[in-house]
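Laboratory data are not the source of any read-out in this text; all were calculated from the coordinates shown. The model shown is predicted, which means the values in this text are computed figures rather than measured ones. Note: ideal-geometry Cβ built from the backbone for every residue, glycine included; neighbour counts use all protein chains shown.
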Amino acid sequence: MKKLAEFLEEEVKAAFEKAGYDGSYAKVTLSNRPDLCEYQCNGAMALAKTYRKAPIMIANDVTAHLKESHVLKSVEAVNPGFINMVVNEAFLAEFAQAMKNEEKLGVDETKEKKKVILDFGGANVAKPLHVGHLRSAVIGESLKRIIRFKGHDVIGDVHLGDWGYQMGLVITELGKRKPDLPYFDENFEGEYPQEAPFTIGDLEEIYPYASGYAKEHEDYKAEALNATFELQNGRRGYRALWRHIMNVSVSDLKKNYGNLNVTFDLWKGEADAQPYIPDMVEMMKEKGFAHIDQGALVVDVKEESDTKEIPPCMILKSDGAALYDTTDLATLVEREELYKPDEVIYVVDKRQELHFVQVFRCAKKTGIVPENTKLTFIGFGTMNGKDGKPFKTREGGVMRLADLIQGINDEMLTKITENRTVAPEEAEETAKLVGLAALKYGDLSNQAAKDYIFDLDKFASFEGNTGPYILYTIVRIKSILNKYKENGGVVETAKIRVPDGEAEKALMLEAAKFNGVFDTVVEELAPHKICAYVYDLANTFNRFYHETRILGEEDEDRKSGFIALLSLVKEILETSIDLLGFEAPERM
Ligand code: ARG
């Protein structure tokens, strides 16, 4: 469905042309002087030179042809040459009704459907999820929903860190604690038994212990490195243990991500890419892309236009071991073979940007990825504590994600039950929903690339630019609609009416922006722009609500018109928060 600004633009363009001017300058934008008008066009200023005329004269010529337009209520040429427009109310109401009739509220699905792989989450197996993984999960999940809403095919891949040193550490420590397990037998042949010889609780304790111990004891570290090497080279008993670690850890990760309302289509990881490495390396050598530099195998990825030094991509260390670059390249080989994506998007800490520049260049240069496949890096900033330093626990340790979420839910529960009586079960459910909204909105309302301060008091507030405020607004609308129904009204058939109040029109105008805002959001992959929009919409609604007797309105037509508008606003808000990855409770 066409956007509101596009309707205006068509009219203005026609007027430019009727007046004898180049219509391609008829760009219409939201007014930056909302006190004067709703939309504006600055094209007359740009054309002054070409036509050797004062911009105000051009603007006057154009507005003369707009006086009759059914989309405009009024239009005015203003010095030095602005064309200021106010939207016609009947047209606006028609537009809003059309939105309401559409399944996606006026958003058109793409005509060029792409297959997109979204690499996000990036959890490391056997290590607990920490808040650093939170941003990738929250931003990635939202992007997944946004791109899908546009009609693209999105495959979300968690891309587990499941092949590194942490595995060697856990295996080594298990060997100390349970040396009699058959897996440590060098000649282990058997299929591994069903039962894992440890629980998630054990793993959570073993990893930090082993990691700390290895830092202080060289020989232990050497053992762990050797175990990693042997695992990667196929020692059977270690492979079996690795499977156990994977199973135990992944089911725990699924639970944790589930609590965040985050899901993945693929639970693949670095280990899955390993079989692709030998042929890839062979190809790079054979075609002359790779060369030996100080014993290591590397591919140069410098480009002439570089303003800073881009070091070569590291393919193999001098001992023949694969690296992070290698694994990400091999993963691209695998993705190409299995899925042939049109685009791969990575949602990763922005401190890894250089790594991705190298990998992307190398993948293109060596032909792993076809020229027209898009590789996109969405780097996010750090979540800091109130002291401006990376978020920590009170004791100064790394905060585990599960603990963070628990803390938020507890805080929310207190808030919700403070001055009200709510059944305990409902209170808990609500606390979870509101807590998640606080957490996700607090994160997503910041531009991804920026660092932000995690401030629970602020995020959990029911006022201001917060998730709970948005939920509260939705709940308020729901409750009005429910009361209307209880009194015998039918929400579904209520029709939008021509607004006659200022706050009512403002609300309708704000609602009408949805498809325009959404398209900017998908194009720029910028969920924070959804947040900014829902906040404006919620504020505009609340102003209308405070100024208007809605259910108390005596004129039934007027009342049902209000209801139709409210139900549109509710749908927009609910769709938007769904795109952000959370939902509203029935009451709060
Ligand atoms: N596991 C990595 C980490 O914790 C993130 C993985 C990001 N994705 C990728 N394809 N490299 O830092």
* Structure fact -> Quick note, the stretch 165-259: a/c under 1.5 would make it rounded; otherwise a/b > b/c is prolate and the rest oblate (a ≥ b ≥ c, C-alpha gyration tensor); here it is oblate
* To do: Rounded to whole Hz and in sequence order, give me ³J(HN,Hα) for the stretch 95-107 from the Karplus expression 6.51 cos²θ - 1.76 cosθ + 1.60, θ = phi - 60°, writing x for Gly and Pro.
  => 4, 5, 5, 4, 4, 4, 6, 8, 4, 9, 6, x, 7
* So, by mean Cβ neighbours within 10 angstrom, what's the order for 459-469, 155-165 with the highest one leading? -> 155-165, 459-469
* To do: Report, by chain and number, residues whose modeled amide H sits under 5 Å from the one on Ala290, excluding near sequence neighbours (fewer than 5 apart, same chain).
  => Lys285
* **Paramagnetic reach from Lys450 (point 7 Å along Cα→Cβ, amide N under 19 Å) across the stretch 364-385** => 378-385
* Please turn the phi angles of the stretch 153-166 into ³J(HN,Hα) values with the Karplus equation 6.51 cos²θ - 1.76 cosθ + 1.60 (θ = phi - 60°), one per residue in order, whole Hz, x for glycine and proline. => 8, 10, 10, x, 10, 6, 6, 5, x, 10, 9, x, 4, 4
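On a full-extension model of 0.36 nm per residue, what is the gain between Asp293 and Glu426, subtracting their alpha-carbon distance, rounded to one decimal in nm?
Details: separation 133, 0.36 × 133 = 47.88 nm, distance 6.32 nm.
Result for the pair: 41.6 nm of gain on full extension.
What net charge do the residues around Val107 carry, taking every other residue with its C-beta under 11 Å from that of Val107, with Lys and Arg at +1 and Asp and Glu at -1?
Working: positive: Lys3, Lys104, Lys150; negative: Glu102, Glu103, Asp108, Glu109, Asp519.
Residues near Val107 contribute -2 overall.
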* **Packing-based ranking, highest mean first, of 525-533, 291-299, 377-385 given that Cβ atoms within 10 Å are counted** => 525-533, 377-385, 291-299
* Asked: What ranking do 211-218, 354-361 get when scored by the average of other Cβ atoms within 10 Å per residue, highest first?
  -> 354-361, 211-218
* Asked: So who's got an amide H within less than 5 Å of the one on Lys73, skipping anything under 5 residues away but keeping other chains? H placed 1.01 Å off N, in plane.
  -> Val86, Val87, Asn88
* Asked: Check Ala123: other-chain or 5+ apart residues with amide H under 5 Å from its amide H, H built from backbone geometry?
  -> Gly161
* Asked: Helix 324-338 versus the longest principal axis of the chain: what angle, 0 to 90°, nearest 10, using Cα atoms?
  -> 70
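Based only on the alpha carbon positions, what is the Kirkwood hydrodynamic radius of the chain, in angstrom? Don't skip to the answer; put the middle values down first.
Working: mean 1/r = 0.0362 Å⁻¹.
Hydrodynamic radius (Kirkwood, Cα only) of the chain equals 27.6 Å.
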* Unpaired by the 4.7 Å Cβ criterion, cysteines found in the chain -> Cys37, Cys41, Cys531
* **Acute angle (nearest 10 degrees) that the helix 200-216 long axis makes with the longest principal axis of the chain, alpha-carbon atoms** => 70
* Helix 502-512 vs. the chain, principal-axis angle (Cα, 0 to 90°, nearest 10) -> 40
